Ligand code: HEL
């Protein structure tokens, strides 16, 4: 029996839709129950802070909760739907890492081999390995730092451009490297452009083919697409709105773009349902061998309360629970896709606005609502519920 509440959402209003679809429980969860009231409040706050719309979906041991507020389109005022497609930005990086780790399983590539073994002469240092790239420890400069220093004009300059992956890497190589190979974590889209080049070189296929045949089709992710260089999102989707750097300037509809600056670092389209299915499969060990999943979860420190594995972020929440997934920020869309360690609880959320720090912080709150339950903080000095003893090679334990 499916029950759903349908409400009318408007651009300025904060009508929230919520439905709960109970499915027989599989096992008693050890975590606090998701706080769905707080989740709805997060979405309403997101609207007050400038998002035209926001949605979230929690899959918890077979129970599904969805919430939505606001609009998918500021012109038509269509209410945002919990099944709307959207640009997931850097959540794409998990997909790219999974493809490469499957290739490791198939012994077609080695994590600790130099990138240049597979792409001779691409990088100026033979010591940069596949692992360094996937953990953002290559030192390759992030070309998007310059590209989007001015948010709107930077975006408009590349909105319709089509780049080769090599062009993007060359753009990075014009700048000095930021660390020695294997040094500290420094997030850089260049790493996942190199990952895309590796996928193409080792398989002899396009990125679209590899995402589709290895992940999308096996998991029946019917709303997930690699969209490049076409600018047209297929089917029903939420439009995305970029917040200009100048206070008070109108939002820029950024929906249509080639996303060519991102490609294997960020050009996938998906839905909250598909993202939860994907993360649940990954964290549940159904996409790679146990050994490669363990590699993905060898952590390097990545800022307060955060660590990075291979294409995978770990966020340590205020209640002491850690969650695993990725965030995404492409023009017009903020995405949050995280799961519990066993993948049996997952949250996917997005707002159809970007370049808005307050909004981002609010949307990060959906993780607290989904995984920490009622906001009771862990006692001071309390140990995290999970221990993170798996450090990446040559990196100090965090
Ligand atoms: S940035 C991030 C996020 N990642 C990285 C990647 C992605 N997205 C980008 O590199 C695009 C940056 C420009 C986005 C734009 C906006 O907010 O729409 N901002 C500006 O133009 C600011 N001047 C590390 C946040 C991630 O979470 O992994 O996605």
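Grab the beta carbon distance between residue 157 and residue 178, set R0 = 25 Å, and tell me the FRET efficiency rounded to 0.05. All intermediate terms of the calculation are to be shown ahead of the outcome.
Details: r = 24 Å, r/R0 = 0.95.
The calculated FRET efficiency here is 0.60.
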(request) Could you give the spread of the C-alpha atoms of the range 326-366 along their three principal axes, from largest to smallest, in whole angstroms? (result) 32, 17, 12
(request) Please grab the % of Cα pairs in the range 28-175 that end up more than 22 Å from each other. (result) 62 percent
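Could you compute how fast the range 216-335 diffuses translationally, taking Rh as the Kirkwood radius over C-alpha pairs and applying Stokes-Einstein at 37 °C with viscosity 0.692 mPa s? Give it in µm² per second.
On the way: Rh = 16.4 Å.
Using the Kirkwood radius from Cα pairs, D works out to 200 µm²/s.
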(request) Using Cα centres only, tell me the gap between the range 30-51 and the range 172-216 in whole Å. (result) 34 Å
(request) With the convex hull built on the Cα atoms of the range 255-317, state its orientation-averaged projected area in nm². (result) 5.8 nm²
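Before rounding to the nearest 500, sum -39500 (n - 2.57) across all DSSP H runs of length at least 4 in the chain and divide by the residue total; then give [θ] at 222 nm in deg cm²/dmol.
Theoretical 222 nm ellipticity from helices: -8000 deg cm²/dmol.
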(message) Please compute the volume of the convex hull spanned by the alpha-carbon atoms of the range 158-298 and report it per residue in Å³.
(response) 166 Å³
(message) Over the Cα atoms of the range 284-373, each weighted equally, I'd like the Debye log10 I(q)/I(0) at q = 0.11, 0.16, 0.25, 0.26 Å⁻¹, rounded to two decimals.
(response) -0.31, -0.66, -1.34, -1.38
(request) Could you work out the Kirkwood radius for the range 293-332, taking every pair of different alpha carbons, averaging 1/r and inverting it, reported in Å? (result) 10.8 Å
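Roughly what percent of Cα-Cα pairs across the range 193-265 reach past 22 Å? If you can, show how the numbers build up before the last one.
Values: 990 of 2628 pairs.
For the range 193-265, the fraction of Cα-Cα distances above 22 Å is 38 percent.
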(request) Would you mind pulling out the separation of the Cα centroids of the range 320-361 and the range 231-266, in Å? (result) 17 Å
(request) Apply the Debye scattering formula to the range 224-272, with a single equal point scatterer on each alpha-carbon and no solvent, then give log10 I(q)/I(0) at q = 0.24, 0.28, 0.31 Å⁻¹. (result) -0.94, -1.10, -1.21
(request) Return P(r) of the range 49-106 (all Cα-Cα pairs; 5 Å bins starting at 0; whole %; ordered from short to long distances). (result) 4, 14, 15, 16, 16, 14, 10, 6, 4, 1
(request) Could you give the C-alpha radius of gyration of the range 62-138 expressed as a fraction of 2.2 N^0.38 Å, taking N as the number of residues it contains? (result) 1.74
(request) Using only Cα atoms, figure out Rg for the chain and give it as a multiple of 2.2 N^0.38 Å. (result) 0.94
(request) Enter the per residue convex hull volume of the range 116-223, computed from alpha-carbon coordinates, in Å³ rounded to the nearest integer. (result) 130 Å³
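Each reported figure results from applying straightforward, stated rules to the coordinates on display, with no laboratory input. Since we're looking at a predicted model, the values are computed, not measured. Note: ideal-geometry Cβ built from the backbone for every residue, glycine included; neighbour counts use all protein chains shown.
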